[in-house]
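> My questions all concern the structure below.
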Amino acid sequence: MLCMLTQISSGLASERGGFLFRSEKSQRSSGSQRKDVLASLPMERLTPQARQRIQSVAASPTIYRRLPTQAIDCDPEMFTFLARNAEVMVGLWELMGITSVQTRRTGPYRFEAIDGTGTRCSIDLVYGDPKIHIFVADGSYDGKMVTKPVRGRGVFVLRSSYAASSSGRTTVTGTIDCFVKIEGLGADLIARTLSGLIGRSADNNFTETAKFMAQVSQASEMNTPAMLDVAYRLPQVSDETRQRFTNVIRAVSNRAWENNRKAQGLPVVVRNSKAESPKSGRLTRQ
């Protein structure tokens, strides 16, 4: 799991950034901060199995990092959809020719990923609402950075908030707390040796991924037909996920059109109410 910090994050986005990580500038991990994060989690809404998996990693992680706050201009529904459907991001990067990662959704809230350089992982979304998403991962790395396979587990807590301007645009602000537990002898030594590399890779990956999410949202507003064409050609996603992505694109486009009309003082007429998908709400793994 140690190398998932560098390998799956860079693998999931290649040169464009990864899915889960960034380090807080000039901030080191602290026991009190970890405890605060754990205390704030909606444990009462989780299954006993999910609570046990989280505690087994987060109570005594080999590595803990709080990722820095990222603020992006992004439609809230698009942000939530992309956060919950990483294979869509991977498919977009594959179309752009910048990743060789392969993903496979194995359940409504679980997907697996292989980056082609030694990392394999399975990631579960055990809880999600518009303000917090909790991911639990199991993974292994058997690449050139280590002499023997390394296994580990991780818990990743994504927090997000939303602020709407008078023009109707939304700024999504988010950060992630990462807990990683490396298994086996020498875990602490491995973590100390590669912590700098992990931090630098994670910094770039999370920043670039946030920017890319904003670009997807803005392209859905400004060039809807092109984005729909891309959605229909996406590899690595199911027909159901592809359809939900096209629904979100249309909904983002409609909201942008309506907000623009309002800003100009013009009457608003919904162009296609059927294209609007339901708002993303809370979900919990059963």
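> Could you check region 112-141 and list, in sequence order, the residues that are under 24 Å from Gln215 (Cα atoms), assigned to a strand (DSSP E or B) and touching a Cys at 6+ places or on another chain (Cβ under 9 Å)?
Once the filter is applied, which keeps residues that are under 24 Å from Gln215 (Cα atoms), assigned to a strand (DSSP E or B) and touching a Cys at 6+ places or on another chain (Cβ under 9 Å), region 112-141 yields only Ala113.
> Report the residue count in region 225-243 for those that are surrounded by fewer than 18 Cβ atoms within 10 Å (Cβ to Cβ) and either touching a Pro at 6+ places or on another chain (Cβ under 8 Å) or farther than 20 Å from Glu112 by Cβ (or both).
Residues meeting the conditions: 7.
> Separate question: Can you pull out every residue in region 42-85 that is part of a helix (DSSP H, G or I) and in contact with a helix residue (DSSP H, G or I) (Cβ under 7 Å, 6 or more places away or on another chain)? Can you show your working first?
So in region 42-85, the residues part of a helix (DSSP H, G or I) come out as 43-45, 48-58, 76-84.
The answer is Met43, Arg51, Ala58, Glu77, Met78, Phe79, Phe81, Leu82.
> Considering only residues that are buried (at least 23 other Cβ atoms within 10 Å of the Cβ) and not hydrophobic (A, V, I, L, M, F, W, C), look in region 115-143 and name the one that is modelled with the lowest pLDDT.
Ranking the qualifying residues of region 115-143, first place goes to Tyr141.
> Return the residue satisfying two criteria in turn: it lies in region 180-205 and is surrounded by fewer than 21 Cβ atoms within 10 Å (Cβ to Cβ) and under 21 Å from Cys74 (Cβ atoms), and of such residues it is modelled with the highest pLDDT. Let's see the steps before the verdict.
Pass one, region 180-205, residues surrounded by fewer than 21 Cβ atoms within 10 Å (Cβ to Cβ): 183-197, 199-200, 203-204.
Applying the additional criterion that residues be under 21 Å from Cys74 (Cβ atoms) yields 203-204.
On the way: Asp203: 70, Asn204: 76.
Filtering first and then ranking leaves Asn204.
> Here is a further query. Take the residues in region 206-245 that are under 19 Å from the mean Cα position of the chain (by Cα) and β-branched (Val, Ile, Thr), then tell me which one is modelled with the lowest pLDDT.
Ranking the qualifying residues of region 206-245, first place goes to Thr207.
> Do we have any residue at all in region 18-29 that's within 17 Å of the chain's Cα centre (by Cα), among the aromatic types (Phe, Trp, Tyr), modelled with pLDDT under 90 and crowded, with 20+ Cβ neighbours inside 10 Å?
Yes - at least one qualifying residue is present in region 18-29.
> Here's a follow-up. Do we find that Asp177 is within 19 Å of Thr207 (Cα to Cα), touching a residue at least 40 places away in the same chain (Cβ under 8 Å) and either assigned to a strand (DSSP E or B) or not small (Gly, Ala, Ser) (or both) in this structure?
Numbers: within 19 Å of Thr207 (Cα to Cα): yes; touching a residue at least 40 places away in the same chain (Cβ under 8 Å): yes; either assigned to a strand (DSSP E or B) or not small (Gly, Ala, Ser) (or both): yes.
Spelling it out, Asp177 is indeed within 19 Å of Thr207 (Cα to Cα), touching a residue at least 40 places away in the same chain (Cβ under 8 Å) and either assigned to a strand (DSSP E or B) or not small (Gly, Ala, Ser) (or both).
> Filter region 93-138 for residues that are among the β-branched types (Val, Ile, Thr) and in contact with a Lys or Arg (Cβ under 9 Å, 6 or more places away or on another chain); which is nearest to Ile182 (Cα to Cα)? It would help to see each step written out before you state the result.
Taking region 93-138 and keeping what is among the β-branched types (Val, Ile, Thr), we get 98-99, 101, 103, 106, 114, 117, 119, 123, 126, 132, 134, 136.
Those left that are additionally in contact with a Lys or Arg (Cβ under 9 Å, 6 or more places away or on another chain): 98-99, 114, 117, 123, 126, 132, 136.
Numbers: Ile98: 29, Thr99: 26, Ile114: 19, Thr117: 19, Ile123: 16, Val126: 21, Ile132: 25, Val136: 14 Å.
That would be Val136.
> Filter region 87-111 down to the residues that are in a loop (DSSP other than H, G, I, E, B) and hydroxyl-bearing (Ser, Thr, Tyr), then identify the one that is surrounded by the most Cβ atoms within 10 Å (Cβ to Cβ).
Step one: filter region 87-111 for residues in a loop (DSSP other than H, G, I, E, B), giving 96-101, 108-109.
If we keep only those that are hydroxyl-bearing (Ser, Thr, Tyr) as well, we get 99-100, 109.
Numbers: Thr99: 24, Ser100: 13, Tyr109: 18.
Once the filter is applied, the top-ranked residue is Thr99.
> Now for a separate question. Just wondering, is there one or more residues in region 159-179 that are within 13 Å of the chain's Cα centre (by Cα), under 30 Å from Ala59 (Cβ atoms), modelled with pLDDT of 95 or more and crowded, with 19+ Cβ neighbours inside 10 Å?
yes
> Condition check: outside any helix (DSSP H, G or I), touching an Asp or Glu at 6+ places or on another chain (Cβ under 8 Å), closer than 19 Å to Ala164 by Cα and of a type in the set (A, V, I, L, M, F, W, C). Does Val252 satisfy that? Write out each step before concluding.
Details: outside any helix (DSSP H, G or I): no; touching an Asp or Glu at 6+ places or on another chain (Cβ under 8 Å): yes; closer than 19 Å to Ala164 by Cα: yes; of a type in the set (A, V, I, L, M, F, W, C): yes.
No: the conditions fail for Val252.
> If you scan region 148-174, which residues turn out to be charged (D, E, K, R), more than 30 Å from Asn259 (Cβ to Cβ), out of contact with any helix residue (DSSP H, G or I) (no Cβ under 6 Å at 6 or more places or on another chain) and in a strand (DSSP E or B)?
The answer is Arg151, and nothing else.
> If Lys279 meets every condition in (1) basic (Lys, Arg); (2) at pLDDT 95 or above; (3) not in a helix (DSSP H, G or I) apart from one, which number is that one?
Going through (1) basic (Lys, Arg); (2) at pLDDT 95 or above; (3) not in a helix (DSSP H, G or I) one by one, Lys279 breaks only (2).
The values are calculated or read from the model by the stated rules, or taken from the named source; none is laboratory data. This is a predicted model, so every value here is computed, not measured. Cβ atoms come from the backbone with ideal geometry, glycine included; neighbour counts cover every protein chain shown.
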